[in-house]
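Some notes on the structure that comes next.
The values are calculated or read from the model by the stated rules, or taken from the named source; none is laboratory data. Predicted model, so just to flag it, every value in this text is computed and none were measured. Note that we place each Cβ from the backbone using ideal geometry, even for glycine, and neighbour counts take in every protein chain shown. Ligands, DNA and RNA are stripped out before the accessible areas are found, and what is left, the full protein with its side chains, is counted by its heavy atoms. Shrake-Rupley method; radii C 1.70, N 1.55, O 1.52, S 1.80 Å.
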Amino acid sequence: RLANRVKRNNWFSLAVASPTQGDGKSVTAVNLAVSVAREKQKPVFLIDLDMRNPSVCRFLGIRDIRPLPEYLQGLARPEDVLFETSFPSLHVAGALAPTESASELLAGPKFSDLLAHIRLRSPDAAVIVDLPPINVTDEALLVAPRVDAFLMVVSEGKTERSQLAKALSTLSEFTIAGVVVNKSSES
């Protein structure tokens, strides 16, 4: 269903977020990126903007990468931080260690410049952005105007309805592609 919405709306970038920590948004972002890359139809760029708690590189077993915050600080070029993985067509930008100044880095123009670089390099690419939890920081709101849509990840038995309602209200002026129910006990 998500693939159809992305194709029908011609979305270039999709942000994956959750109301709170521990809902499984990073795992969902990684699985989505790997799944799209395995189709070998288009290049996939997975960008870990959960810079206070980066986990994408750890999940993918990446141990040596030029940290994305260096690019956002103006200390590196886009091609320096876009890591080509062992999965065909999958590129990752992220970090191995937390960054305290995440909001300040995302408030600047460098993330938009990175998206423009990717679009120029690979016009047919799919960009998946892993964001920090909506109800924890303001960083998703800094990124929201620059992505096409959001995929909200909630965890059965953990995410409270009020937390989801608050997150959806925060993003009410932006496009929500859908909601993923993670850790569901239903078949």
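Brief remarks follow.
- Centroid-to-centroid separation of segment 118-173 and segment 26-40 [C-alpha atoms, Å]: 16 Å
- A full extension of the chain between residue 183 and residue 161 corresponds to an added length of 6.4 nm, given 0.36 nm per residue minus the alpha carbon distance.
- Average accessible surface for the chain: 50 Å² per residue, computed with a 1.4 Å probe over protein heavy atoms with every protein chain in place.
- Peptides ranked, highest mean first, by Cβ atoms within 10 Å: ranges 107-115, 5-13: 107-115, 5-13
- Accessible carbon and sulfur surface of segment 1-123 relative to its total accessible area, %, 1.4 Å: 49 percent
- Tally of Lys pairs whose C-alpha atoms are under 30 Å apart, taken over the chain, 8 or more apart or cross-chain: 20
- Rg(Cα)/(2.2 N^0.38 Å) for segment 1-152, N = residue count: 0.94
- Value of relative contact order over the chain, rounded to a whole percent, pairs C-alpha under 8 Å and six or more apart: 34 percent
- Evaluated with a Cβ-only charge set (Lys, Arg +1; Asp, Glu -1), the chain carries a dipole of roughly 580 debye about its Cα centre, given to the nearest 20.
- For the chain, the antiparallel share of DSSP beta bridges with both residues in that region comes to about 10%.
- By the helix-only formula, in which each DSSP H run with n ≥ 4 contributes -39500 (n - 2.57) and the sum is divided by residues, the chain has a 222 nm mean residue ellipticity of -9500 deg cm²/dmol.
- Here the spin labels are modelled as points 7 Å beyond Cα on the Cα-Cβ line, and at residue 39 and residue 1 they lie 1.7 nm apart.
- Per-peptide average of other Cβ atoms within 10 Å, ordering 51-59, 165-173 highest first: 51-59, 165-173
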